[in-house]
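Step one of this worksheet: look at the structure below.
The values are calculated or read from the model by the stated rules, or taken from the named source; none is laboratory data. Since we're looking at a predicted model, the values are computed, not measured. Cβ sites come from the backbone with ideal geometry, for glycine too, and all protein chains shown count toward neighbours. Remember, those area values only see protein heavy atoms, side chains included, never the ligands or the DNA or RNA. Shrake-Rupley method; radii C 1.70, N 1.55, O 1.52, S 1.80 Å.
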Amino acid sequence: MQVVKFSLKKANKIPIEADTVTPDNFAGKTKEEIEAILVWYGNGQCPLGDFFTVEVEGSDSAENTKIVFEGDVSRVKRIGQGMSTGEIEINGNVDMHCGFGMKGGKIVINGDADSWLGCEMKGGEIILNGSAAYYVGSGYRGEACGMRGGKITINGNARDYLGEHMCGGEILVTGNVGLLPAVSNNGGTIVIEGNATMPASEMKNGTVIIKGKISDMLPSYKEDGTEEVEGITYRKFVGDVNAGGKGMLLVK
Amino acid sequence: MRMSEILIKNANVCDPAQGINCETMDLCIRDGKIVESVSESAKVIDAAGRLTMAGGFDGHTHSAGKINVGRFMNPNDARRTLVPGLSGPEAMTEKTRAQVGYNTPNTYAIGYRYAKLGYTTICEAAIPMLAARHTHEEFKEIPILDKMGLSLFGSNWQVMEYIRDKEPEKLAAYVAWGLKASRGYGVKIVNAGGGEAWGWGKNVSGLYDPVPNFDVTPAEILMGLAEANEKLQLPHSVHVHCNNLGKPGNYETTIETMKMFEKVKPVVDRQALHVTHVQFNAYAGTSWRDFETGAPMVADYLNGANHLTFDLGQVIFGPAVTMTADGPVEYANSRMLHEKWSNQDIELEDASGVVPLSYSPKSFINAVQWAIGIELALLVEDPWKIMFTTDSPNGGSFVNYPEAFTYLMSAKKREQVISGFGKMALDRMVLPGLDRELSFYELAIMTRSMQSKMYSRPEKGNLKVGSDADVAIYDIITSDIDPSVEHEKVKQAFSGAAYTLKDGKVVVKDGKIEATPMGRTYWVNAKVPADIDSAMNKDTDIKFKKYYTVSKSNYMVEDSYLPNPVEISTEGEF
């Protein structure tokens, strides 16, 4: 087991783009090697050691590597971007694009996450013990597919456009979500235990389950009997008719 | 001023304009031109026996104007890195600015990437005159390359009225005025009459279908503009995107259009007609169910005809962005493919649309489309009639040209691609039966030499004494390579020229940008007798007063938009 501990020396105003911070990239590296890894800061690149105090315990393969951020990193973006294995734990808030395009491994965030959490994620797991901002598990601007696999669990609320253009995988939100969750999605499963507004517009495929209240249910859904999931019976709607969709929207 | 002299030694020259087929010789350059000899103080470039051609000339590409709509519709295109080194984000360097994109790269990337492929001249395929200022603004920001553009006339109210009223002289005067207003190089006709019909949600179904409210047919528009084109002695013939593009069975309309031009007598030593992206216009069958190649029929006609040239519009598998003044086609595309759609109304002049799509070898339609482009290139015997294009980015981005060259040069490479097709696709094409493989000489004709005559630019596309010193040296020793087998090597060599020289200046070395000089913009100023010109201007004054959203004085592209203009003057014959 290799554990790499980071703590921010001083709160930064200009965001740090930490797409190089992944277990894949840290496995088997010493403290000095990790400190020398470059990250974008403004329009230039700086070594990680400039910003963080780094502690390394042990040395192991990527899958047995754990990265721990102690404290708030709310101006550090792209942590765990593209990671394929291992674990990242963030004990504080985190900035945008955390887990962007991740393929495997696990990210646990004990705080809030800014927008684009797990966008275009292909595999692995993100557990957010806090609330998320916009575009969780969605696609980059213009892409037809956002999240394609893996699981995002949010033990809190999320804001608008959750799971936009989602094509696979699973998102679970225990709290409420904002406007237009699952907009234009084409696969995958979204479970919202709280409330939602205008869910699943332009859905072509996939399943959306909403256990709380819905504001502004779209008229472009056809009711089609009931469906039982894990012992709970829901009203079943199929659509979005406007998009010729065959998606399933289950509500209470 | 000190003369700048370059001696390119041991160049394996392939220059079809002079009939030179891969012969090793020296090339002399002085002050940006090819010359007989240079002094001993000339800077020496050792080509070391590598393949040397004139700079490439892409005579039909969408690189300024509508491409910008493609850019903002496809922000994700900026991330695409499908062709390493020629696509995707690249940070700025000391010599180059930042680059992004694949099908719709930023302007700087367009210049750099064409230059890396050994291309030095491009022709923007469609300038809506009303938006010409924007086209030239983009031209200004495309480095290295020489540029020209074709102005759209095919659905223009004034054009159709003059044709209906049988006023050929005023029509010619209007064309001359339009070229000057938009600083265009030639006459482009897209789905003649269809752009106007599209304003009413309709289309024209063929050459003899009247345009709503104008009582003229596409055939009359084509013939009328061809006559005006010759009256003005323009350097390029009319450049035609045929009616019924993209529809099964359209090869008949295409051949009919080509036949109609047999009676047009060009007054300049060039073709009477250029038909563009014929791949999209060589479809047989009656619907997408029984869709099949119409290339053999079109090629059969082309082999017997000597009055025209055409370009391929080759399809490249993967994402593409269709952009055309053919508004109704783009509507059909977006509905059929459930894709994003941009539609524009160019007021009195034309329509236009942009739809992104993706060509997949698994789709039998796309597979047959891919085959048709190659079939045309192989079935038409005379390469001097053929310009190589992908109608970038309609059939695919120009950065795939090296890949596409290998389709033409290697039957093995084609087999490799064809092996991924389903039976249905194979039944609908004739490509698997074709074993012709093009030589470097034939490729040079299609990518640079024929363009010289086609656009009446004698200083382009060849290495004759007096021509522009635009030279591409590729890392290929022609005597040591069998392009049929070593197609990967060929592709690699064409993907990054060993040297590209623009006006005698090294702009690319070993596939890297060395310098980014500003290219020229060619435009045509056709002289028209003053009385006809003023009569025509009275008519257009009314158009501007009554219908246009801009005034006439604000319509004209001013000199300041062309930092490096080359005015081609012609005398109209009235």
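Does A:LYS252 satisfy the condition of being touching a strand residue (DSSP E or B) at 6+ places or on another chain (Cβ under 9 Å), away from chain B (no Cβ under 14 Å), open to solvent by 20 Å² or more (accessible area, probe 1.4 Å) and modelled with pLDDT under 95? Give the derivation first.
On the way: touching a strand residue (DSSP E or B) at 6+ places or on another chain (Cβ under 9 Å): yes; away from chain B (no Cβ under 14 Å): yes; open to solvent by 20 Å² or more (accessible area, probe 1.4 Å): yes; modelled with pLDDT under 95: yes.
Here the answer is yes, as A:LYS252 does meet what is asked.
Which one of these is within 27 Å of B:LEU245 (Cα to Cα) and part of a helix (DSSP H, G or I): B:GLY178, B:GLY184? Walk me through it before giving the result.
On the way: B:GLY184 fails: part of a helix (DSSP H, G or I).
Unique residue meeting the criteria: B:GLY178.
Give just the number: which of (1) in contact (Cβ under 8 Å) with a residue 40 or more places away in the chain; (2) open to solvent by 10 Å² or more (accessible area, probe 1.4 Å) does B:ASP165 not satisfy?
Exception for B:ASP165: condition (1).
Return the total of residues in segment A:129-151 being within 11 Å of chain B (Cβ to nearest Cβ) and of a type in the set (Phe, Trp, Tyr).
Residues that pass the stated criteria total 1.
Take segment B:309-357 and flag every residue that is within 14 Å of chain A (Cβ to nearest Cβ), among the hydrophobic types (A, V, I, L, M, F, W, C) and assigned to a helix (DSSP H, G or I).
If the condition is that a residue be within 14 Å of chain A (Cβ to nearest Cβ), among the hydrophobic types (A, V, I, L, M, F, W, C) and assigned to a helix (DSSP H, G or I), then B:MET336, B:LEU337 are the ones that fit.
At least 2 residues that are buried (at least 21 other Cβ atoms within 10 Å of the Cβ), touching a strand residue (DSSP E or B) at 6+ places or on another chain (Cβ under 6 Å) and away from chain A (no Cβ under 13 Å) in each: list the helices (runs of 4 or more DSSP H) lying fully within segment B:67-140 that qualify. Write out each step before concluding.
Numbers: elements: B:67-73, B:107-116, B:132-140.
The helices (runs of 4 or more DSSP H) meeting that bar are B:107-116, B:132-140.
On the given criteria, is B:ILE8 surrounded by 23 or more Cβ atoms within 10 Å (Cβ to Cβ) and aliphatic (A, V, I, L, M)? Reasoning before the result, please.
Numbers: surrounded by 23 or more Cβ atoms within 10 Å (Cβ to Cβ): yes; aliphatic (A, V, I, L, M): yes.
It is true that B:ILE8 is surrounded by 23 or more Cβ atoms within 10 Å (Cβ to Cβ) and aliphatic (A, V, I, L, M).
Being touching a Cys at 6+ places or on another chain (Cβ under 8 Å), in contact (Cβ under 8 Å) with a residue 24 or more places away in the chain and open to solvent by 40 Å² or more (accessible area, probe 1.4 Å) is the filter here, so list the residues in segment B:11-60 that pass it.
B:ASN21, B:GLU36
Output the qualifying pairs, or none if there are none: Cβ atoms under 9 angstrom, residues six or more apart or on different chains, first residue in segment A:222-243 and loosely packed, with under 15 Cβ neighbours inside 10 Å, second residue part of a helix (DSSP H, G or I).
Note: pairs meeting the criteria are A:LYS222/A:VAL241.
Which count do you get for residues in segment A:177-203 that are surrounded by fewer than 19 Cβ atoms within 10 Å (Cβ to Cβ) and of a type outside the set (Asp, Glu)?
As a first pass, look at segment A:177-203 and keep what is surrounded by fewer than 19 Cβ atoms within 10 Å (Cβ to Cβ): A:178-179, A:191, A:193-195, A:197-198.
Right, trim to of a type outside the set (Asp, Glu) and you get A:178-179, A:191, A:194-195, A:197-198.
The number of residues fulfilling the criteria is 7.
Suppose the filter is part of a loop (DSSP other than H, G, I, E, B), modelled with pLDDT of 95 or more, in contact with a strand residue (DSSP E or B) (Cβ under 6 Å, 6 or more places away or on another chain) and of a type in the set (S, T, N, Q); does B:ASN462 pass it? Break it down into steps so the answer makes sense when it comes.
Working: part of a loop (DSSP other than H, G, I, E, B): yes; modelled with pLDDT of 95 or more: yes; in contact with a strand residue (DSSP E or B) (Cβ under 6 Å, 6 or more places away or on another chain): yes; of a type in the set (S, T, N, Q): yes.
Yes; evaluated as a whole, the condition is true for this residue.
Do any strands (runs of 3 or more DSSP E) entirely within segment A:1-101 hold 3 or more residues that are under 25 Å from A:MET147 (Cα atoms) and at pLDDT 95 or above, and if so, which?
Numbers: elements: A:2-8, A:38-41, A:44-47, A:52-57, A:65-70, A:87-91.
Of the strands (runs of 3 or more DSSP E) lying wholly inside segment A:1-101, those with at least 3 residues that are under 25 Å from A:MET147 (Cα atoms) and at pLDDT 95 or above span A:65-70, A:87-91.
Per-residue answers, yes or no, for (1) among the basic types (Lys, Arg); (2) surrounded by 22 or more Cβ atoms within 10 Å (Cβ to Cβ); (3) modelled with pLDDT of 95 or more; (4) under 15 Å from B:PHE280 (Cβ atoms):
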site: B:VAL329; (1), (2), (3), (4): no, yes, yes, yes
site: B:MET336; (1), (2), (3), (4): no, no, no, yes
site: B:GLU339; (1), (2), (3), (4): no, no, no, no
site: B:ASN343; (1), (2), (3), (4): no, no, yes, no
site: B:GLU349; (1), (2), (3), (4): no, yes, yes, no
site: B:PRO356; (1), (2), (3), (4): no, yes, yes, no
